[in-house]
Amino acid sequence: MNVLVINAGSSSLKYQLFNMKTESILAKGLCDRIALDGHLKHTPANGKPVYDSDIPLPTHAEAISAVIDKLTSEDYGVIGDLSEINAVGHRAVHGGRKFFGSTLINDDVIATLEDYIRLAPLHIPANLMGIRACQSVMPNIPQVAVFDTSFHYTMPEYAYIYPIPYKYYELNDIRRYGFHGTSHRYVSAIAIEHLNLTGKESKVITCHLGNGSSLAAVRDGISIDTTMGVTPLEGLPMGTRAGSVDPSMADIIATTDGSSLKEAINILNKKSGVLGIYEKSSDFRDIELAAGVDGNTGFIDSSKEHDKRAMLALDIFCYHAAKYIGAYVVALGGLDAIVFTAGIGENSPYVRKAICDRLGGLDVCIDDQKNVGRVSGFRDVTGIGSKAKIFVIPTNEELVIARDTIELINK
C-alpha cells in the first residue's frame with residue numbers, strides 16, 4: 001500500500017510517497033511559492049530524473065494536481081495512476097483539546113480545526129488548505145490528520161495547566177500542548193530500543209533542535225513534559241522566536257515602539273531568538289561561521305575572527321537547552337539518555353558539545369571525536385564515564401505520519 005504524506009504551509013507544500021510494505025520512499029518533493037510565481041521540485045527514488053522547474057501554482061489545489069501529475073508521469077513517475085495511492089496523511093500542527101491522536105478526516109474534523117485556528121493562526125489555515133486541496137483532487141481517497149500535539153497529551157495535569165484563572169482552560173482551551181510530537185515520538189522510541197529498555201522503565205530527554213526547537217521529557221515512551229506551550233513561541237530561544245520571556249515583554253515592546261500588541265507578538269515570533277541577538281541571520285550555520293566555529297569538528301578555530309554577538313547567540317541557545325535538560329532530569333527522576341535530532345541537533349557538533357559541556361553536574365559528558373561531523377544515521381556519542389547515553393538520531397516525522405495513516409485506514 002502507498003501513502004502520500006502532505007505537509008502544507010501557507011505558500012508551500014512538501015510531500016513524500018511511501019511504499020508501506022517496505023516503508024521506503026518512492027518519491028518526495030516541494031511545491032514552493034504557491035500563489036506567487038510557483039516552483040516544483042520532484043525527486044523520484046527509482047532512478048528517473050529530478051523535475052526542478054518554475055510552474056504556475058495559483059492555489060494548493062493546483063499544487064496537488066502538479067504533484068499527482070509528476071508521480072504518475074512517464075518521465076518522472078513512480079506509480080501508474082492515482083488509484084495506487086491508498087491514503088493521504090496530513091501533518092496537522094494543532095489538535096486542541098479534542099484530538100488526542102491521529103484521526104480520519106471528515107466534515108466534523110474540518111469544522112473543529114477551523115475553530116482551533118484561534119490557537120494556531122499561523123499554521124492551521126495552511127493545514128486546512130492542504131486538506132481541502134487533496135479532497136478536491138482526490139475525493140475518494142481517505143485522508144488522515146496526524147497532530148504535532150497528540151504525543152504530549154499524556155502530560156500530567158500539573159504539567160499542562162497554566163497558573164492563570166482556570167476559566168481560560170475550561171472555556172478557551174488554553175493549556176500547554178507542545179509540538180514536534182511526531183519527532184519526539186519517533187526518536188524516543190529508537191533511543192529506548194537502543195537502550196534495551198523496551199517495555200521497561202526508561203527516562204529519555206529528546207532535543208528537537210532546528211529553526212523551531214523543543215525538548216521533551218519522555219518516561220517509558222510517554223511524554224510527561226515539553227518546552228513549547230499553547231503555541232510554539234514558548235520554551236527555548238529559537239531561530240526567530242524569543243522562547244520563554246517575561247509575559248509583560250509584549251506590552252513593553254509595544255509601548256517602546258508605539259506599536260500594537262499584535263505587532264509586538266510578531267516581533268517575539270519572527271524577529272527575536274538568535275536572529276534578535278546576532279541580527280544578521282537566523283541560520284545557525286551562518287552564526288557558527290561568524291563565531292569562528294569549525295562546522296565539521298564543532299571546535300572553535302582560534303585563528304579565525306570571532307563575532308561576539310554570534311557567540312552570544314550560541315551561548316544563550318545552548319545555556320537554555322542545558323537548563324531545560326537539568327529541569328527534565330528532575331521531572332523524570334533520573335536520566336538514561338539524551339537524544340539530539342532535527343536540523344541543528346543532527347548537523348551541529350558544536351551545539352551538541354556546548355550543551356553537554358554544561359551538564360557536568362549531572363555526570364553527563366560527550367565524546368569529542370565521536371561527535372565530529374554531521375550525522376546521517378543513528379550515532380552514539382557518549383563520552384567515557386557518562387552516567388547517561390547521548391544519542392544523535394535523525395528524525396523521520398513523515399514516516400510516523402505514514403504509519404499512523406495506514407493503521408487508521410486498516411482498522
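Could you tell me which residue out of S272, I253, Y324 lies farthest along the dipole of region 223-341 toward its positive end? Charges go on the beta carbon: Lys and Arg +1, Asp and Glu -1, centred on the Cα centre. Most positive-ward Cα: I253.
Would you mind getting me the FRET efficiency between E84 and T198? Use the beta-carbon distance for r and R0 = 35 Å, nearest 0.05. Don't skip to the end; give the middle numbers.
Working: r = 34 Å, r/R0 = 0.98.
That pair, E84 with T198, gives E of 0.55.
Among the listed values (1) 5, 20, 30, 28, 15, 2, 0; (2) 4, 18, 24, 24, 19, 10, 2, 0; (3) 4, 18, 25, 18, 10, 6, 4, 4, 4, 4, 2, 0, the one computed from these coordinates for P(r) over Cα pairs in 10 Å bins from 0, in percent is (1).
Computed about the Cα centre, the dipole magnitude for region 215-258 is approximately 160 debye when only Lys and Arg (+1) and Asp and Glu (-1) carry charge, each at its Cβ. The residues of region 164-206 expose, per residue, 48 Å² of accessible area to a 1.4 Å probe. For n ≥ 4 DSSP H runs only, could you compute -39500 (n - 2.57) per run for the chain, divide by its residues and tell me the 222 nm figure to the nearest 500? Helix-only estimate at 222 nm: -10500 deg cm²/dmol.
Only Lys, Arg, Asp and Glu carry charge here, each on its Cβ (+1 for the first two, -1 for the last two); on that basis region 233-315 has a dipole of about 160 debye about its Cα centre. Only protein heavy atoms count here; on that basis, with a 1.4 Å probe, L408 has an accessible area of about 30 Å². Counting only aspartates and glutamates at least 8 places from K280 when in the same chain, those with an alpha carbon closer than 14 Å to its own are E288, D307.
As a fraction of the 1.4 Å probe accessible area of the chain, surface on carbon and sulfur atoms comes out at 51 percent. The heavy atoms of Y319 present about 110 square angstrom of accessible area, all protein chains included, probe 1.4 Å.
K200 sits among other residues whose Cβ lies under 13 Å from its own Cβ, and their net charge, with Lys and Arg +1 and Asp and Glu -1, is -2.
State to the nearest 20 debye the size of the charge dipole of the chain about its Cα centre, where the only charges are +1 on K and R beta carbons and -1 on D and E beta carbons. Let's see the in-between values first.
Working: 39 positive and 48 negative charges, 127 e Å.
Around 600 debye, computed over the chain.
Pairs with C-alpha atoms separated by more than 24 Å, drawn from the list K21/K98; K203/K353; K98/K167; K14/K203, are K21/K98; K14/K203. In the chain, the longest principal axis of the Cα atoms and the axis of helix 261-270 are about 80 degrees apart.
Of K308, K270, the order by accessible heavy-atom surface (1.4 Å probe, DNA, RNA and ligands excluded), from most exposed downward, is K308, K270.
Among the protein heavy atoms, those of D37 account for about 90 Å² of accessible surface (1.4 Å probe, every chain in place). Residues within the reach of a label modelled at T112 (point 7 angstrom out along Cα to beta-carbon, backbone nitrogen below 16 Å), restricted to region 139-169, are 143-154. Taking other residues whose beta carbon is less than 11 angstrom from the beta carbon of A331, and scoring Lys, Arg as +1 and Asp, Glu as -1, yields +1.
Note on D251 and R309: their simple-model spin labels are 3.0 nm apart, each label 7 Å out from Cα toward Cβ. For the pair H39 and A331 in one chain, pulling the backbone fully straight at 0.36 nm per residue adds 100.5 nm over the alpha carbon distance. Shown are V375, V137, whose ranking by accessible area with a 1.4 Å probe and every protein chain present, most to least, is V137, V375.
Antiparallel as a % of all DSSP beta bridges within the chain, to the nearest 5?
Values: 41 of 59 bridges.
Antiparallel: roughly 70 percent of the beta bridges in the chain.
Put S244, S376, S83 in order of accessible area, highest first, and with a 1.4 Å probe you get S376, S83, S244. Note on K389: aspartates and glutamates with a C-alpha under 12 Å away, same-chain residues under 8 apart excluded, are D336, D363, D367, D380.
The values are calculated or read from the model by the stated rules, or taken from the named source; none is laboratory data. Nothing here was measured: the structure is a model prediction, and the numbers come from that model. Cβ: placed from backbone, ideal geometry, glycine included. Neighbour counts: every protein chain shown. Surface accessibility is based on the protein's heavy atoms, side chains included, excluding ligands, DNA and RNA. Shrake-Rupley method; radii C 1.70, N 1.55, O 1.52, S 1.80 Å.
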